[in-house]
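Reviewing the structure listed below.
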Amino acid sequence: MDTIRVLIAEDNELYRQSLYRMLSGEEGMEVLEPARDGSEAVEKAGQLSPDVILMDIDMPEQDGLLATRIIREMAAGGGNHPEHPQWLGSQGLGRRGRS
């Protein structure tokens, strides 16, 4: 079985650590160093070439939607990105009122 390389992009430290711990224990998964915002996710995606990115949508500096668009454009143009990355988005719980 191939190892699935996972990148977590989440600004909430508790969520980020929880996802990291939960997924790190799964057989066949390699959880990469997490990103704290969208711009860091773009940088790490280029450096680490994950198979799956768990991307929060609502993050400071650069939101997950823009980061996803940039990563997909970079992947389409070649470079150090998977040809068909898989995406899962998370909005986070208990963050009402942020815009």
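Modelled spin labels at L66 and T3, positioned 7 Å past Cα toward Cβ, are 3.4 nm from each other. Taking amide H as placed 1.01 Å from N in the peptide plane, the amide H of M29 sits under 5 Å from that of I4, each at least 5 places away or on another chain.
Relative contact order (percent) for segment 4-90, with alpha-carbon contacts under 8 angstrom and 6 or more residues of separation?
On the way: 161 pairs, mean separation 28.1, N = 87.
Computed value for segment 4-90: 32 percent relative contact order.
Taking Lys and Arg as +1 and Asp and Glu as -1, the other residues whose beta-carbon sits under 10 Å from that of T3 total -3.
Rounded to the nearest 0.05, what FRET efficiency do E43 and Q17 give with R0 = 22 Å and r taken as the Cβ-Cβ distance? Could you check? Using R0 = 22 Å, I get an efficiency of 0.65.
Coordinate-derived values only; no laboratory data. As the structure is a prediction and not an experimental result, all values here were calculated from the model. So basically every Cβ, Gly included, is an ideal-geometry build from the backbone, and we count neighbours across all protein chains shown.
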